[in-house]
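Contents: one structure, followed by commentary.
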Amino acid sequence: MSRRSELLEFAVLGLLHEAPQHGYELRKRLNAALGPFRALSYGTLYPCLRDLSGRGWITEASGTASSVALAGPTSRRARIVYELTAAGKDQFQSLISQCGPSAWEDETFDVHFAFFSRTEAAVRLRILEGRRSRLEERLDA
């Protein structure tokens, strides 16, 4: 699995940890979290959601009251709402507690930073120290 797809899985799990969401809302929030230089297409998001569902980390619900409310009054069909399972919550906690070099690299730091409110203080400190050392190395070069 590529680093980009792992990062996308982490971001999806993090956003679904906040609340169940349908694909459109999830894509909109992911684009905001990942920034304008990482535009996310539905062709990238939905295979990721299928993979997470296949692993048992998220579930899909269609036609529930919450999905109809999310779809809005003008929608003709109920949207699929994605929700984190207990295994998905455990996986997110595992990912958020990692503080190795992958957490402070340029490609991944912003997503880890987006979920700092759920990260333990000691892990946050190690990530920020690693990020600072990475930036100091770049400045010296």
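The values are calculated or read from the model by the stated rules, or taken from the named source; none is laboratory data. Note that the structure is a prediction, hence the values are computed from the model and not measured. When we count neighbours, we look across all protein chains shown, and the Cβ atoms used for this are built from the backbone with ideal geometry, even at glycine. Surface areas here come from the heavy atoms of the whole protein model, side chains and all, with no ligands, DNA or RNA. Shrake-Rupley method; radii C 1.70, N 1.55, O 1.52, S 1.80 Å.
Of the helices (runs of 4 or more DSSP H) entirely within the range 1-63, those holding at least 2 residues that are more than 24 Å from GLN93 (Cβ to Cβ) and of a type in the set (Ser, Thr, Tyr) occupy 42-54.
Looking only at the range 99-141, residues that are under 21 Å from the mean Cα position of the chain (by Cα), under 24 Å from SER5 (Cα atoms) and small (Gly, Ala, Ser) come to 5 in all.
Of all residues in the range 9-51, those that are touching a residue at least 40 places away in the same chain (Cβ under 8 Å), open to solvent by less than 70 Å² (accessible area, probe 1.4 Å) and more than 18 Å from ARG118 (Cβ to Cβ) total 6.
Taken over the range 99-139, the residue count meeting the criterion of being crowded, with 17+ Cβ neighbours inside 10 Å and not in a helix (DSSP H, G or I) is 4. Could you check, for the range 85-98, whether at least one of its residues is of a type in the set (Asp, Glu) and either at pLDDT 95 or above or closer than 18 Å to LEU7 by Cα (or both)? Within the range 85-98, one or more residues are of a type in the set (Asp, Glu) and either at pLDDT 95 or above or closer than 18 Å to LEU7 by Cα (or both).
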